[in-house]
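The values are calculated or read from the model by the stated rules, or taken from the named source; none is laboratory data. All of these numbers come straight from a predicted model, not from anything done at the bench. Note: ideal-geometry Cβ built from the backbone for every residue, glycine included; neighbour counts use all protein chains shown. These area figures cover heavy atoms from the full protein model, side chains too; ligands, DNA and RNA do not enter into them. Shrake-Rupley method; radii C 1.70, N 1.55, O 1.52, S 1.80 Å.
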Amino acid sequence: MSEIKSKVLIFITVIFFLLVNLQYFWETKISYLLIPFTLLLLLVYFCLVIICLLSLYRAFREKFKNPRRNFFIGVLLIVLGLTFYKPGGLIDFYQFEGKDLFIATREGAANCTTTFKLKSNHRFIDRSICFGIHETKGHYEIKQDTIFFSNVVLARGDKDYYKFGIVKGSTSGKGRAFVRCRNQADTTGIELWVVKNDIGL
């Protein structure tokens with residue numbers, strides 16, 4: 001293996017490893033490109049597996065006398081092994097967002113899902129996965145039986161967000177529901193089903 005080829009492959013391997021482990025920071029930024037980009041990463045992973053197997057075969061024939069190849073194989077084995085073990089990344093960055101006090105979710109058409117969370121640090125996260133990831137964040141305040149939203153950071157492509165939400169009995173008979181409303185005149189909203197409620201509503 002030439003020195004230039006070895007450096008290029010190691011560079012690609014390191015970039016791949018960083019992208020996998022830092023996906024928390026970029027997956028919501030690329031919107032509908034998430035699926036093709038994820039497929040690209042998967043393709044890169046399998047290409048690296050093939051390259052690793054070929055390199056191991058050549059290393060066995062050389063009786064591991066090529067230091068550059070041995071180093072490259074070591075890097076590949078570590079990256080491929082850790083990626084297989086933790087495909088979502090070694091660090092769960094979501095744990096730094098605070099403890100989940102309230103979770104409501106809904107599954108729509110084509111397995112699209114929406115998950116709404118209230119955190120212990122008075123922040124909320126509204127995460128929708130449907131041919132991409134859309135995430136809205138902000139702060140919340142509970143007044144009596146209503147949850148009000150403020151300082152909202154909209155998901156890419158959105159122009160506005162709900163003003164408040166109410167927890168009440170579900171019209172579909174699925175227990176408690178969380179209904180978000182865009183304004184006082186919005187009396188219907190769309191139900192999310194409550195799966196965790198430690199806020200007393």
Surrounding net charge for residue 98, when Lys and Arg each add one and Asp and Glu each subtract one, Cβ distance under 12 Å
+3
Labelled set (1) 28; (2) 33; (3) 41; percent of Cα pairs over 30 Å apart computed from this model equals the value at (3)
What's the local net charge at residue 124, with K and R +1, D and E -1, over the other residues with C-beta under 12 Å away?
+1
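What longest region of the chain stays clear of trypsin sites (Lys or Arg not before Pro) that DSSP places outside H, G, I, E and B and that have at most 12 other Cβ atoms within 10 Å?
100-158
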GluC sites (Glu not before Pro) within the stretch 6-111, DSSP loop, no more than 15 other Cβ atoms inside 10 Å:
62
Quick check: the distance between the Cα centres of the stretch 1-64 and the stretch 181-199, to the nearest angstrom?
43 Å
Calculate how steeply helix 67-85 sits against the longest principal axis of the alpha-carbon atoms of the chain, using the helix alpha-carbon long axis, and give the answer as 0 to 90 degrees to the nearest 10.
20 degrees
In the chain, which cysteines lack any other cysteine Cβ under 4.7 Å from their own?
47, 52, 181
Quick calc: nm separation of the 7 Å Cα→Cβ label points for residue 106 and residue 10 -> 5.2 nm
So, in Å, what gap is there between the alpha-carbon centers of the stretch 140-171 and the stretch 85-108?
20 Å
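Per residue of the chain, what 222 nm ellipticity follows from adding -39500 (n - 2.57) for every DSSP H run with n ≥ 4, rounded to the nearest 500?
The helix contribution divided over the chain gives -11500 deg cm²/dmol.
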Pop out the carbon and sulfur fraction of the accessible area of the stretch 32-118 as a percent, whole number, probe 1.4 Å.
70 percent
If the limit is 20 Å between Cα atoms, which of 86/137; 29/119; 117/143; 119/196; 168/196; 159/196 go over it?
86/137; 29/119; 159/196
Net charge near residue 183 (other residues with Cβ under 15 Å of its Cβ; Lys, Arg +1; Asp, Glu -1) is +2
